[in-house]
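Before any comments, here is the structure.
Computed from the coordinates by the stated procedures, all read-outs in this text should not be read as laboratory data. Computed from a predicted model, the values in this text were never measured in an experiment. With ideal geometry, Cβ positions are generated from the backbone for all residues, glycine too; neighbour counts draw on all protein chains shown.
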Amino acid sequence: MSASKIEGIKRGLAKKIQDKIVMPDSHFVVRPYGPADSEHWAPTIGFDARANKDNEVQVGFFVAFFGKKSTAVNGYKLTSFGHRFDAPEGYDTTHNYYHIQPLKAWKNGATLPGAFQVQPDTFPTFPLEASDTLDLALHALHVACGAKYIEELARTKISATVAQRAALLHGKLNPVRPVRGE
């Protein structure tokens, strides 16, 4: 991970994330807009694919924020919090819908540093209005990067499908503020 090259994220924090955390291979440090940026949190977004209880391969995402917390003893320590964005887990499960749950450890067992480890990671479960992996990814990007990023995706020329779905999500989350043209 070359987190130290992300504009706006302090090199010391990026290096600490890179050196101290056992992260899954499929993750990216992203540039946030809004409060996460102004409060110096470094968001990461990642994904994994796994078979659900019905043996269907589903892609899920995780968003984790890393920051420095002030302490009286040694100045600062790395802290974090995060969420899993999960696809339906199977027909005969309690979570057979797109949803978000707290993230306190990666699938490889490594815990998020400084995260509140007493919290459960199987509930609360927040349902998402999503119909497929693209919708789930857009929700994860919204949390990691902010509404402004979704608004930018709604104007993208890369993919008409991504632009259309991002505009739909933006409209649902911001009913009085339509996507502005170029």
For segment 109-179, what relative contact order do you get, as a whole percent, if you take Cα pairs closer than 8 Å and at least 6 residues apart?
-> 20 percent
Bin by bin, in steps of 5 Å, what percent of the Cα pairs in segment 91-143 do you find, going until the bin that has the longest distance?
-> 4, 17, 21, 22, 22, 11, 2, 0
Segments 138-148, 49-59, 159-169 sorted - mean Cβ within 10 Å per residue, highest first | 138-148, 159-169, 49-59
Based on the Kirkwood radius over alpha-carbon pairs, what is the Stokes-Einstein translational diffusion coefficient of segment 79-182 at 20 °C with 1.002 mPa s viscosity, in µm²/s?
-> 141 µm²/s
Subtract the Cα-Cα distance of residue 92 and residue 53 from 0.36 nm times their separation in residues, and report this length gain in nm to one decimal.
-> 13.3 nm
Where in segment 78-109 are there chymotrypsin sites (Phe, Trp or Tyr not before Pro) that are in a DSSP coil and have at most 13 other Cβ atoms within 10 angstrom of their Cβ?
-> 91
Within-12-Å neighbourhood charge of residue 139 [Cβ basis; K, R +1; D, E -1] = -1
